[in-house]
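Bear in mind that the values in this text are calculations on the coordinates, not laboratory data. Since the structure is predicted, the reported quantities are computational estimates derived from the model, not experimental observations. Every residue, glycine among them, receives a Cβ derived from its backbone with ideal geometry; neighbour counts consider all protein chains shown.
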Amino acid sequence: MPISLDQAIEIHAKVLRYRHGAKAPRMAREKANQLATIGDREGHAVWLKVAEIARTLAPDLRWL
């Protein structure tokens, strides 16, 4: 079943938040910055979206 880019971004945000808790948004921003450094503008934009979604998720997703 194909998934959209927006769905993939949400999945990545949820997994990061589940595994790393409150550190997830910072980790996603760090990844975005790494990609910007090597000139990957699309990857940079995607990981900034991951960071924003991770920031808005519940603090503890371990109940999922």
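Springs between alpha-carbon atoms under 10 Å, Gaussian network over the chain: tell me which of 17, 41, 29 tops the mean-square fluctuations.
41
Helix-derived [θ] at 222 nm for the chain: sum -39500 (n - 2.57) over DSSP H runs of at least 4, divide by residue count, nearest 500? Present the calculation step by step, with values, prior to reporting the outcome.
Working: 3 runs with 46 residues, N = 64.
Taken over the chain, the calculation gives -23500 deg cm²/dmol.
Please give the FRET efficiency for residue 41 paired with residue 19, using the beta carbon to beta carbon distance and R0 = 25 Å, rounded to the nearest 0.05.
Working: r = 27 Å, r/R0 = 1.06.
E between residue 41 and residue 19, to the nearest 0.05, is 0.40.
Just one of (1) -0.24; (2) -0.28; (3) -0.52 is log10 I(q)/I(0) by the Debye sum over Cα atoms at q = 0.12 Å⁻¹ as worked out from the coordinates here. Which one is it?
(2)
Taking 7 Å along the Cα-to-C-beta vector as the label spot, tell me the residue 58-residue 6 distance in nanometres, rounded to one decimal.
2.3
Cut-off 10 angstrom, C-alpha nodes, Gaussian network model of the chain. Which of 48, 16, 35 fluctuates the most?
35
Using a Gaussian network model on the chain with a 10 Å cutoff between Cα atoms, which of 52, 30, 42 fluctuates the most?
Judging by the Gaussian network model, the answer is 42.
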